[in-house]
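Notes for the one structure printed next.
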Amino acid sequence: MSVVALGAVRSCGVTTLALALAATWPSSRRVLLAELDPAGGTLAAASGWPPEPGLVSLAAAARRASDPELVWEHCHELADGTAVLAGPASPEQARSALGMLTDLLPRLAELVADVVVDCGRLAGTSPSPVLSGADQVVLAARPRLADLHALASFLETNSIIRQDPRLVLVGDGPYTDQEVADALGVEVAARLPWDPDAAALLVSVRASARELRVAPLVRAARTLADQLSGDKAGTDTLERAETPPGTRPRLRGMRAWRPEPSARSTNGS
């Protein structure tokens, strides 16, 4: 089974992406959604779940046992039965719990299940103990200049991700998937629409229900879930010309990016 770690450099709906993937994961495979955002979780509040069980109660229990199977006892469930290890709303509680689980969380890969991990924002926080050992790393970003520049800087200067990540673009922007891939040297695995109505329903309605199964977000997430669950290697399939093995390309393509020009005047001015 595999661990898929999700994160972002700037806020752009990583939790929604993680929720959508877990809700549309192939039914033939058991899946766990783990909300390990150091900034705190939102799924419990959105779902109306009580604070416990969750990440904090797991941290307390892990003082007495370190078996990764312990995680199942601290999960809530989505409408379709998908297990969710929900994080606390408080950033202080989240960071404290994650600090107590540094030995157990990397062992989630031992579970007989695929694990989708919401690592939250990666910039300015301590790296998730899951991130460096994940089978696949997926970064989410809006296809807009400021967000992509921030992601480019992160990719060039940060070493917490040991393998080439994949990128999911969220929402619309002036750049195509190929333009983003060429500029960043990262495979664009998918583009998810900005669909807040469907995202709000996912915490309480099965993704296969009539009101969700044809929603743009759910359809795109299901395609991505099929792709990620069937490809554990997480290798980047894009060719990188003149890039030595094991290094990231310089982001020269960024220099060519400009805001879309305003319409030219027709009155001669």
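The values are calculated or read from the model by the stated rules, or taken from the named source; none is laboratory data. Predicted model only: the values in this text are computed from it and were never measured. FYI the Cβ positions are ideal-geometry reconstructions off the backbone, even for glycines, and counts take in every protein chain you see. Ligands, DNA and RNA are excluded from the accessible area calculation, which covers all protein heavy atoms including side chains. Shrake-Rupley method; radii C 1.70, N 1.55, O 1.52, S 1.80 Å.
Summing Lys, Arg as +1 and Asp, Glu as -1, what charge do residues with Cβ under 9 Å from the Cβ of Arg213 carry, Arg213 excluded?
Numbers: positive: Arg206, Arg210, Arg219, Arg222; negative: Glu211.
Net of charged neighbours comes to +3.
Calculate the FRET efficiency for Asp177 and Ser132 from the Cβ-Cβ distance with a Förster distance of 22 Å, rounded to the nearest 0.05.
Numbers: r = 27 Å, r/R0 = 1.23.
For Asp177 and Ser132, the calculated efficiency is 0.25.
Taking K and R as +1 and D and E as -1, what net charge do the other residues with C-beta under 9 Å from the C-beta of Asp37 add up to?
With Lys, Arg at +1 and Asp, Glu at -1, the neighbours total -1.
Near Ser11, within a Cβ-to-Cβ distance under 11 Å, what is the net charge of the other residues, with Lys and Arg +1 and Asp and Glu -1? The partial results should precede the final answer.
Values: positive: Arg10, Arg121, Arg142; negative: Asp37, Asp147.
Local net charge: +1.
I need the peptides 17-25, 78-86 ranked by packing, meaning the mean over residues of other C-beta atoms within 10 angstrom, with the highest value on top.
Final packing ranking: 17-25, 78-86.
Identify the trypsin sites (Lys or Arg not before Pro) of region 1-71 meeting these criteria: DSSP loop state and at most 10 other C-beta atoms within 10 Å of the C-beta.
On the way: sites: Arg10, Arg29, Arg30, Arg63, Arg64; in loops: Arg10, Arg29, Arg30, Arg63, Arg64.
Here the sparse-neighbourhood loop sites are Arg63, Arg64.
Provide Leu201, Leu155 ordered by accessible surface of protein heavy atoms (probe 1.4 Å), highest first.
My answer, sorted largest first, is Leu201, Leu155.
Roughly how big is region 108-208's charge dipole about its Cα centre, with Cβ charges of +1 (Lys, Arg) and -1 (Asp, Glu), in debye to the nearest 20?
220 debye
Length gain on complete extension for the stretch Asp226 to Arg29, per 0.36 nm per residue less the alpha carbon to alpha carbon distance?
Working it through step by step, the gained length comes to 69.9 nm.
Report, to the nearest whole %, how much of the accessible area of region 1-105 belongs to carbon and sulfur atoms, 1.4 Å probe, protein only. Intermediate values should be presented prior to the final figure.
Working: 2020 of 4170 Å².
After summing per-atom areas, the C and S share lands at 48 percent.
Just to be sure I understand the model, the point goes 7 Å from the Cα along the line to the Cβ. What's the resulting Leu111 to Arg64 distance in nm?
With each label placed 7 Å out from Cα toward Cβ, I get 2.1 nm.
Roll a 1.4 Å probe over the protein chains and send me the accessible area per residue for region 24-100 in Å².
Numbers: 3510 Å² over 77 residues.
Here the residues of region 24-100 average 46 Å² of exposed surface.
Hey, for a label at Arg121 modelled as a point 7 Å past Cα toward Cβ, could you say which residues of region 1-30 have their backbone N under 11 Å away?
8-12
When the label point is put 7 Å from the Cα of Asp103 along its Cα-to-beta-carbon vector, which residues of region 75-97 have a backbone N closer than 20 Å?
Counting only backbone N, you get 95-97.
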